[in-house]
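The values are calculated or read from the model by the stated rules, or taken from the named source; none is laboratory data. Here the structure is a predicted model, which is why all the values come from computation and not from measurement. Here the Cβ positions follow ideal geometry from the backbone for every residue, glycine too, while neighbour counts run over all protein chains shown.
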Amino acid sequence: MRKDFPKKEIVTLKLPPSLAREIREREILNFFADRALSKLEYYRSRLRYFETKYGKSLENFRQEVESAKEDFEKWDDLILWEGYQRAFEEWKEKYEELKSVLQDH
C-alpha cells in the first residue's frame, strides 16, 4: 500500500551552464535520496549501538531509567537515544518521500 505524502514543491536550482547540461532531474533526486539514505543508516547505527549497549529496546530502557534511582549516565543516554530515534524516523520519512518521487518519474 502506497503512503500519500504532502504535495510536492517545485524548486529551482541555479547551476553553472556546463553543469546544467550534464545533470538531469533524476540524478538530482537520486543524489538527495542517497543523502537521505546515508543519514537514515547513520541514525540506525546509533540506535543499534544503544540497543547493544543496554541489551534492550528504547521503550524498555526508558521504563527502566524512569523507575530506577537517578543515574545521570543513563539519563544522558536516554536523551541521546530518543533524539536518534526521532532523527531516524524523520530521515526515514524523507527517504520514503524521495523514493515516491523517483517512482513517479
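For first residues located in the range 66-78 and assigned to a loop (DSSP other than H, G, I, E, B), partners that are among the charged types (D, E, K, R) and lie 6+ apart or on another chain with Cβ distances below 8 Å form the pairs ALA68/LYS74.
Would you check which residues across the range 21-34 are among the β-branched types (Val, Ile, Thr) and modelled with pLDDT of 85 or more and list them?
Looking only at the range 21-34, we keep the residues that are among the β-branched types (Val, Ile, Thr), and these are 23, 28.
Residue satisfying the conditions is ILE28 alone.
Let's see how each residue does on (1) within 30 Å of LEU80 (Cβ to Cβ); (2) in a loop (DSSP other than H, G, I, E, B); (3) at pLDDT 95 or above; (4) of a type in the set (A, V, I, L, M, F, W, C):
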residue	(1), (2), (3), (4)
VAL11	no, yes, no, yes
LEU15	no, yes, no, yes
LEU19	no, no, no, yes
ALA36	yes, no, yes, yes
LYS39	yes, no, yes, no
TYR43	yes, no, yes, no
LEU47	yes, no, yes, yes
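Among the conditions (1) without any contact (Cβ under 8 Å) to a residue 24 or more places away in the chain; (2) in contact with a His (Cβ under 6 Å, 6 or more places away or on another chain), GLU9 misses just one, which is (2).
Within the range 70-86, track down each residue that is of a type in the set (D, E, K, R) and touching a Lys or Arg at 6+ places or on another chain (Cβ under 9 Å). Full working, then the answer.
As a first pass, look at the range 70-86 and keep what is of a type in the set (D, E, K, R): 70-71, 73-74, 76-77, 82, 86.
Hits for the range 70-86 are ASP77, GLU82.
Number of residues in the range 64-83 that are over 22 Å from TYR43 (Cα atoms) and surrounded by 12 or more Cβ atoms within 10 Å (Cβ to Cβ) equals 2. Of all the residues in the range 50-105, those that are of a type outside the set (Lys, Arg), closer than 30 Å to ARG26 by Cα and out of contact with any helix residue (DSSP H, G or I) (no Cβ under 7 Å at 6 or more places or on another chain) number 8.
Residues in the range 79-105 that are of a type in the set (Gly, Ala, Ser) and either touching a strand residue (DSSP E or B) at 6+ places or on another chain (Cβ under 6 Å) or in contact (Cβ under 8 Å) with a residue 40 or more places away in the chain (or both): ALA87, SER100.
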